[in-house]
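K.L.:
Could you have a look at this structure, given as structure tokens, before my questions?
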Amino acid sequence: QAKSLGRNRVQVFNSNLEATTADTLKLENELYKALERNELRLFYQPQFDCRTGRIIGAEALLRWEHQGKLVPPLDFIPFAEETGLIVPIGAWVLREACRQAQVWRMDTGWPLRMAVNLSAVQLDQPDIADQVSAALKRSGLDPKALEVEITETVVVRESLRAADVLTQLRQLGVSVAIDDFGVGYSSFGYLRELPVDRFKLDRSFLQAIPHSAGDCRLAAALIAMAHRLEVGIVAEGVETAEQMAFLKTHQCDEAQGYHLGRPMPAEGFAEMLRHHVQAAALVATKD
Ligand code: C2E
Ligand code: MG
Ligand code: MG
Ligand code: MG
């Protein structure tokens, strides 16, 4: 019966209380065990410099390998946030992403940046800056090579606390990106004050480009605004060559999306990075 209703998440919010309680407990137990059973995986999606076409960084994206299936983050992260499980899970993500970034940087010599998503619940931990600092120390990763992504709605909702934490993180040398930028109802006055390095333009802005003239103007204006505020800008969800051309024309700094590279397991990313580094070296010797 649960299966016929689709994913577990649906069951958790089902109005059928009996089924909900049982399924919630089951999922919770399974998720508790996910860490010790080593069922969590990080996928990595490349981020590119729009001007040079070079890889700048990777975003670590969490997956749960459960009973032979890869569960996407939106199917278990809300649940992990409700139960507080996101705290140990998030700590694992930080450690693993930092470890992996350091390995790749040492192996290739490429100045790769690693972006890690932080949830609101993690941001609420009084020792979050210490956790980040510990993950950096343990891995040996240069703090400048780590970026944390925080969703705009979270930053708006908890503005004072968020600004405080973001400042602490930046003092460590870590950079901060505002995720899903443009859909979180930031006030313009507040944006100016945010201690951030980058906006990640929500992919909804790109969807109708280049067909919708209005959306093109809006995206161009948001890119220009970031530049005037002296904040970097990354376009998320780049799915077509036309969208990429648009971003280049409007001097967007960085881009990420299926057109450029899908999220992939560590081995796949490592191989892609090796090829990229070799190609860049070839170009350099020709110059
Ligand atoms: P996000 O941080 O905004 O990540 C971008 C999402 O867009 C990813 O989905 C990625 O696979 C997807 N994406 C990338 N390029 C394209 C594209 O061209 N087209 C489309 N349609 N989608 C694209 P994913 O991996 O399912 O992650 C969903 C969300 O889950 C993330 O959104 C993030 O908010 C959250 N998440 C993922 N990993 C973590 C984590 O380790 N910790 C926390 N707290 N949240 C995470
Ligand atoms: Mg993100
Ligand atoms: Mg997000
Ligand atoms: Mg996003």
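The values are calculated or read from the model by the stated rules, or taken from the named source; none is laboratory data. Only a predicted model underlies this, so the values are computations on that prediction, with no experimental measurement involved. Quick reminder, even Gly has a Cβ in these numbers, built from the backbone with ideal geometry, and neighbours come from all protein chains shown. Heavy atoms of the whole protein, side chains included, go into the accessibility calculation; ligands, DNA and RNA do not. Shrake-Rupley method; radii C 1.70, N 1.55, O 1.52, S 1.80 Å.
K.L.:
May I ask which residue of Thr108, Val196, Leu74 lies farthest towards the positive end of the charge dipole of the chain, with charges of +1 (Lys, Arg) and -1 (Asp, Glu) on Cβ and the Cα centre as origin?
P.N.:
Working it through, the farthest residue towards the positive pole turns out to be Thr108.
K.L.:
Rounding to the nearest 20 debye, state how big the charge dipole of segment 153-268 is about its Cα centre with +1 on each Lys and Arg Cβ and -1 on each Asp and Glu Cβ.
P.N.:
Numbers: 11 positive and 15 negative charges, 43 e Å.
Computed charge dipole of segment 153-268: roughly 200 debye.
K.L.:
Could you list which residues have their amide H under 5 Å from that of Ala115, counting only those 5 or more apart in sequence or on another chain, with H placed in the peptide plane?
P.N.:
Counting only residues 5 or more places away or on other chains, the set is Ala58, Glu59, Ala60, Glu147.
K.L.:
Pick out the long, greasy-scoring helices in the chain: whole DSSP H runs spanning 18 Å or more along their own axis by Cα, mean Kyte-Doolittle at least -0.5.
P.N.:
Values: long enough: 17-36 (29 Å, -0.39); 86-108 (32 Å, 0.14); 159-172 (20 Å, 0.14); 213-228 (22 Å, 0.70); 266-286 (30 Å, 0.24).
Helices meeting the span and hydropathy rule in the chain are 17-36, 86-108, 159-172, 213-228, 266-286.
K.L.:
Now for a separate question. Leaving ligands, DNA and RNA out of it, work out the accessible area of Thr52 with a 1.4 Å probe and give it in Å² to the nearest 10.
P.N.:
Rounded to the nearest 10, that gives 70 Å².
K.L.:
Compute the signed sum of charges (Lys and Arg +1, Asp and Glu -1) over the other residues within less than 12 Å, Cβ to Cβ, of Glu254.
P.N.:
0
K.L.:
Going from most exposed to least, what order do Leu35, Leu70, Leu160 have by accessible area with a 1.4 Å probe?
P.N.:
Highest to lowest solvent-accessible surface, that is Leu160, Leu70, Leu35.
K.L.:
To the nearest 20 debye, what charge dipole does the chain have about its Cα centre, counting +1 at the Cβ of each Lys and Arg and -1 at the Cβ of each Asp and Glu?
P.N.:
On the way: 31 positive and 38 negative charges, 118 e Å.
Using only the charged Cβ atoms, the result is roughly 560 debye.
K.L.:
If each Cα of segment 126-200 is one equal point scatterer, what is log10 of I(q)/I(0) from the Debye formula at q = 0.14, 0.20 Å⁻¹?
P.N.:
Those come out to -0.43, -0.81, one per q.
K.L.:
Given Gln207, Val283, Ala129, which one lies farthest toward the positive end of the charge dipole of the chain, if we put +1 on the Cβ of every Lys and Arg and -1 on the Cβ of every Asp and Glu?
P.N.:
So the residue furthest toward the plus end is Val283.
K.L.:
Another question, if that's okay. Along each of the three principal axes of the Cα atoms of the chain, give the extent in whole Å, ordering the values from largest to smallest.
P.N.:
Taking the Cα atoms of the chain, the three principal extents are 65, 44, 39 Å.
K.L.:
Quick query: amide H of Ile233 versus all other amide H atoms, modeled in the peptide plane; which residues come in under 5 Å with a sequence gap of 5 or more or a different chain?
P.N.:
Phe199, Asp253, Glu254
K.L.:
Just Gln168, Gln122, Gln102 to compare: in a GNM of the chain, with alpha carbon springs under 10 Å, which one fluctuates most?
P.N.:
Maximum fluctuation in the GNM of the chain, among the listed residues, is at Gln168.
K.L.:
Under a no-solvent Debye model with one identical scatterer per Cα of segment 168-217, what's log10 I(q)/I(0) at q = 0.24, 0.31 Å⁻¹?
P.N.:
-0.95, -1.13
K.L.:
Moving on. Using the Karplus equation 6.51 cos²θ - 1.76 cosθ + 1.60 (θ = phi - 60°), what ³J(HN,Hα) coupling, rounded to whole Hz, does each residue of segment 110-126 give in order, writing x for Gly and Pro?
P.N.:
7, x, 6, 9, 10, 9, 10, 7, 10, 8, 4, 5, 5, 4, 6, 5, x
K.L.:
Here's another thing I want to ask about it. So, with +1 on the Cβ of K and R and -1 on the Cβ of D and E, and no other charges, what is the size of the charge dipole of segment 105-193 about its Cα centre, to the nearest 20 debye? Intermediate results must be reported in sequence, preceding the final value.
P.N.:
Numbers: 9 positive and 13 negative charges, 56 e Å.
Its charge dipole is roughly 260 debye.
K.L.:
If each Cα of segment 213-287 is one equal point scatterer, what is log10 of I(q)/I(0) from the Debye formula at q = 0.13, 0.20, 0.25 Å⁻¹?
P.N.:
Per q value, in the given order, log10 I(q)/I(0) is -0.54, -0.95, -1.09.
K.L.:
Give the relative contact order (percent, whole number) for the chain; include only Cα pairs under 8 Å separated by 6+ residues.
P.N.:
Values: 430 pairs, mean separation 50.0, N = 287.
This gives 17 percent for the chain.
K.L.:
Same structure, new question: Among bridges DSSP assigns within the chain, what percent are antiparallel (round to 5)? Each step should come with its number before you reach the end.
P.N.:
Details: 16 of 38 bridges.
Around 40 percent of the beta bridges assigned by DSSP in the chain are antiparallel ones.
K.L.:
A further question follows. With viscosity set to 1.567 mPa s at 4 °C, what whole-number translational diffusion coefficient in µm²/s follows for segment 130-287 from Stokes-Einstein and a Kirkwood radius over Cα pairs? Could the numbers behind the result be given before it?
P.N.:
On the way: Rh = 17.4 Å.
My calculation gives 75 µm²/s for D.
K.L.:
Turning to a different aspect of this structure: If amide H atoms are built 1.01 Å from N in the plane of the peptide, which residues on other chains or at least 5 residues away come under 5 Å of the amide H of Val176?
P.N.:
So Val176 has HN proximity to Val148, Asp197, Arg198.
K.L.:
Let me ask something else. Could you pull out every one of the lysines with an alpha carbon less than 26 Å from that of Lys69, ignoring same-chain neighbours closer than 8 positions?
P.N.:
Candidates past the 8-residue exclusion: Lys3, Lys26, Lys33.
K.L.:
Do any trypsin sites (Lys or Arg not before Pro) in segment 132-210 lie in a loop, going by DSSP, with at most 15 other beta-carbon atoms within 10 Å of their beta carbon, and if so which? Can you show the working numbers first?
P.N.:
Details: sites: Lys137, Arg138, Lys144, Arg157, Arg161, Arg170, Arg192, Arg198, Lys200, Arg203; in loops: none.
Filter output for segment 132-210: empty list.
K.L.:
I've got another one for you. With viscosity set to 0.692 mPa s at 37 °C, what whole-number translational diffusion coefficient in µm²/s follows for segment 32-132 from Stokes-Einstein and a Kirkwood radius over Cα pairs?
P.N.:
For these conditions, the coefficient is 223 µm²/s.
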